[in-house]
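As structure tokens, the structure follows; a few thoughts come after it.
The values are calculated or read from the model by the stated rules, or taken from the named source; none is laboratory data. This one's a predicted model, so the numbers in the text were calculated from it and none came from an experiment. Cβ placement follows ideal geometry from the backbone for every residue including glycine, while neighbour counts extend to all protein chains displayed.
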Amino acid sequence: MDKQQLLYEGKAKKVYATADPDLLVVEYKDDATAFNGLKRGQIADKGLMNNQIAAHFFRVLAGNGVPSHFVRVLSGREMLVKRLSILPVEVVVRYIAAGSLSKRLGLAEGTPLPSPVLEFYYKKDELGDPLVNEYHIRVLGLAAPQQVAEISGQALQVGKLLTAYLREKAIVLVDFKLEFGLFHGQVLLGDEISPDTCRFWDAVSGEKLDKDRFRRDLGGVGEAYAEVLRRLTGGEPERNVESNN
Ligand code: TMP
Ligand code: ASP
């Protein structure tokens, strides 16, 4: 499936049209940003690793009854996906206090939450992606109540499945962010699942294996991503992936 014109370039990915109006090519970049683009950098081979990590998670989810936009891997840093009309709502699920939740509520990072916390953020760079609730989503017309129920249920299900899956890999899933879109009217999981969009802590040492290493200048960023890929697939980032889809 050849990529055609560039439709969109985001902070971490480029999206191309294909000959099929229902399919897109996503190319994962090595660029890293944080704090709504204020901090910028490059992480060598991040694009390769995130493409392969995201593909792996999407396959695990599909195998457990959660479909997504993922179709197949096309190359080291490219995947073929279904063309969604993305809902402008980011869904975050948290199990352990960290990041903005710790800051907002004064909970020490690492505090286990007695039950999962589900949050919505309005995808709007100019506003810095503000936290919103279901009333805001309704008033702004970001998604229908039925769609909010659907994405909430799917996000919690994804969290349950990935928590159990990652536990086997000695990784604690602290929190993660998902995006959903509509494909011919159906709500479908989109975007990516990777160390850019999740917090992963080593189950034994507590070491951070995610983008917080970049956000907080902890060093060893690429090594952490490579470690996640290794634990998931047992391998190193592949530069040319044509089969095994
Ligand atoms: P937060 O604690 O900064 O709100 O982040 C919660 C989770 O969401 C964390 O796993 C990182 C992810 N995330 C994104 O994927 N994109 C973003 O723009 C932000 C702010 C967080
Ligand atoms: N991806 C977001 C940005 O560039 C924030 C983050 O992941 O911390 O600003």
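Below is a table of values for the structure above.
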item	result
Lone unmet requirement of (1) surrounded by fewer than 18 Cβ atoms within 10 Å (Cβ to Cβ); (2) over 30 Å from G128 (Cβ atoms) for L38	(2)
Strands (runs of 3 or more DSSP E) enclosed by the stretch 169-213 - at least 3 residues per element that are in contact with an Asp or Glu (Cβ under 7 Å, 6 or more places away or on another chain) and of a type in the set (F, W, Y)	none
The stretch 214-238: number of residues that are outside any helix (DSSP H, G or I), on the phi < 0 side of the Ramachandran plot and away from ligand 2 (no atom under 13 Å from the Cβ)	5
Subset of the stretch 62-107 (residues that are in contact with a helix residue (DSSP H, G or I) (Cβ under 7 Å, 6 or more places away or on another chain), more than 16 Å from ligand 2 (Cβ to nearest atom) and of a type in the set (A, V, I, L, M))	V66, V73, M79, L87, L107
Tally of residues being away from ligand 2 (no atom under 12 Å from the Cβ) and part of a strand (DSSP E or B) across the stretch 23-60	7
Whichever residue in the stretch 4-22 is closer than 15 Å to F70 by Cα and either of a type in the set (S, T, Y) or modelled with pLDDT under 95 (or both) and, among such residues, is nearest to ligand 2 (Cβ to nearest atom)	Y16
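Residues are listed down the side, and each one gets a yes or a no for (1) surrounded by fewer than 17 Cβ atoms within 10 Å (Cβ to Cβ); (2) within 16 Å of ligand 1 (Cβ to nearest atom):
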| position | (1), (2) |
| --- | --- |
| K46 | no, yes |
| M49 | no, yes |
| A55 | no, no |
| V60 | no, no |
| G63 | yes, no |
| L84 | no, no |
| L87 | no, yes |
| A97 | no, yes |
